Every structure is written in structure tokens, then in C-alpha cells.
1. In the stretch 28-138, if the dipole is taken from +1 on Lys/Arg beta carbons and -1 on Asp/Glu beta carbons about the Cα centre, which of T56, G129, Q108 is farthest to the positive end?
2. How much mean residue ellipticity at 222 nm does the chain get from its helices, if each DSSP H run of length 4 or more adds -39500 (n - 2.57) and you divide by all residues, to the nearest 500 deg cm²/dmol?
3. Mean Kyte-Doolittle hydropathy of -1.0 or higher plus an axial Cα length of 15 Å or more: which whole DSSP H helices in the chain meet both?
4. Pairs of lysines 8 or more apart, or on different chains, with alpha carbons under 16 Å: count those in the chain, would you?
5. So who's got an amide H within less than 5 Å of the one on A199, skipping anything under 5 residues away but keeping other chains? H placed 1.01 Å off N, in plane.
6. Roughly how big is the chain's charge dipole about its Cα centre, with Cβ charges of +1 (Lys, Arg) and -1 (Asp, Glu), in debye to the nearest 20?
7. Taking square-rooted eigenvalues a ≥ b ≥ c of the alpha carbon gyration tensor, is the chain rounded, prolate or oblate, where a/c under 1.5 means rounded and, failing that, a/b exceeding b/c means prolate?
Amino acid sequence: MSSRAVREYNVSDPVLEMDEVHAAYLGKEILRGASLTVGQGEIVAILGENGAGKSTTLKVVAGLLHPSKGSVRFRGRDLLGADTARRQRLGIGYLMQGGRVFPNLTVQENHNLALAGGRTGQGPAPRLGDWFPALRDRGPTRAGLLSGGQRQMLAIEMVLAQRPGLLLLDEPTAALADDAAAAVLTTVEGYVARESAAALLVEQNIGAALTLAHRRVILAGATFRKDTTNNAAE
């Protein structure tokens with residue numbers, strides 16, 4: 001049994017609820033009646049073939065794509081009509097595929113921008129390097145001069161700096177060396193446990209996804225399969 005599989009979470013206290021969601025992109029229906037619940041402290045991995053709608057699911061929750069039917073709720077709050085900025089302030093953090101940093105700004109300036117867009121009233125502001133200590137001495141460095149692994153770490157740290165209650169992670173370990181990927185997985189796991197948050201994960205590295213997640217769901221035929229597997233039971 002993986003040591004990561006014996007963590008506690010509370011499915012009776014849902015952070016995210018998707019109910020019968022239909023969503024289309026460029027005229028093609030990608031999600032059809034998709035329902036999913038993620039509990040407090042839980043990390044759920046979405047698995048499926050390319051084009052199945054994994055990234056689309058994250059975009060729907062983040063507010064980049066609005067469903068034609070169904071509802072999305074965050075901690076019981078209906079997100080209908082809430083734009084991406086509003087969802088971010090409510091506590092939904094989204095790491096898009098490939099991450100996103102501002103290459104012409106310094107590492108510290110990137111971090112400061114992330115703080116400005118996050119939740120307020122959550123205690124002392126996180127400092128650069130709180131989650132990835134390797135970034136602590138890179139504050140004056142232009143983000144575009146970082147290595148690929150460091151840029152991805154900065155992108156993730158920018159999301160975590162906003163203190164989200166829900167993490168939406170689209171391939172957080174993509175193109176990372178094994179040691180950097182391991183650091184990312186450990187950081188995400190630690191954040192969810194420490195902040196009593198939740199995470200919804202899309203990851204091409206299936207081994208990484210199954211190592212990190214409490215549970216995985218299969219997205220096929222534009223909806224989630226009901227026969228999910230709890231990793232902790234393995």
C-alpha cells in the first residue's frame with residue numbers, strides 16, 4: 001500500500017459538487033450529465049483518454065467555460081454567474097496546463113500579483129518560497145530565466161499563495177524531472193492536508209496521479225463512470 005493512501009478526508013463535507021453538467025466547446029458537447037463530488041481533504045484524479053473532457057471539467061469549475069445545463073457548487077455556493085475572478089476570490093485555484101507565469105516580471109513580482117488576486121482575511125500573507133524553498137533566493141530573477149521545473153514550481157506556488165479551498169490542477173508534473181515531480185506531489189498533498197482543502201487533478205503521468213489521489217474517476221462517453229475506486233482500499 002502506498003504511504004500516500006492512508007490520509008483522512010470527509011466526503012460528507014463536500015467542497016465541490018457538480019450535478020448533471022452539460023458543456024460544449026466549439027459546438028461539440030464535451031460533458032453530458034457529468035456529476036462529481038469532492039470532499040474536504042480529498043484529492044481526486046480524473047482519468048480518461050485524450051479528448052475525453054478532463055481539462056474541460058477543470059475549465060467548467062474554474063469558470064472559463066459555462067455549462068449549458070446542470071450546476072456547480074463550491075462549499076454549497078452555486079457558482080452560476082460567477083466569473084473566474086470571483087471564483088478565485090471565493091477560493092478556487094486553477095493551475096492551467098503548462099502553468100502560467102509572467103516571464104518579463106521577476107519571481108517576486110509574479111508572487112505579489114498572485115497575492116493580490118487571492119482570498120482576503122486568511123491570516124498572514126504567504127511568502128515566496130513557503131511551499132517551494134528553492135524559490136526563496138530567486139525573487140529578483142526574471143521568471144523567464146528560470147528553468148522549466150522552477151517555472152512550474154512558481155506557477156504552483158502562485159496558486160497556493162492565494163490560499164484556495166479547492167485546487168484545480170491540470171498536469172502539474174508535466175515535463176518535470178522525477179525529483180521536481182516528486183516535490184510537486186509532496187507539496188500538493190501537504191497543502192491539502194494543512195489547509196483542509198480539496199483538489200481535482202488531471203495528470204498524464206498515471207503513476208503520479210494514482211500515487212497522489214485518494215480516489216480516481218474515469219471520464220468516458222462525456223460523463224463520469226460511477227464505478228470509482230478508492231485508493232485507500234488497495
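Every number in this text was worked out from the coordinates using simple rules, so none of it is lab data. Given the structure is predicted, the values throughout are model-derived calculations rather than measurements. Don't worry about glycine lacking a Cβ; one is built from the backbone with ideal geometry, like all the others, and counts go over all protein chains shown.
1. T56
2. Helices in the chain give a 222 nm mean residue ellipticity of -8000 deg cm²/dmol.
3. In the chain, the long hydrophobic H runs are 148-160, 178-195.
4. Close lysine pairs under the 16 Å cut-off: 5.
5. Amide H neighbours of A199: E42, I43, V44, L167.
6. On the way: 26 positive and 23 negative charges, 108 e Å.
Approximately 520 debye in magnitude.
7. Note, shape of the chain comes out prolate.
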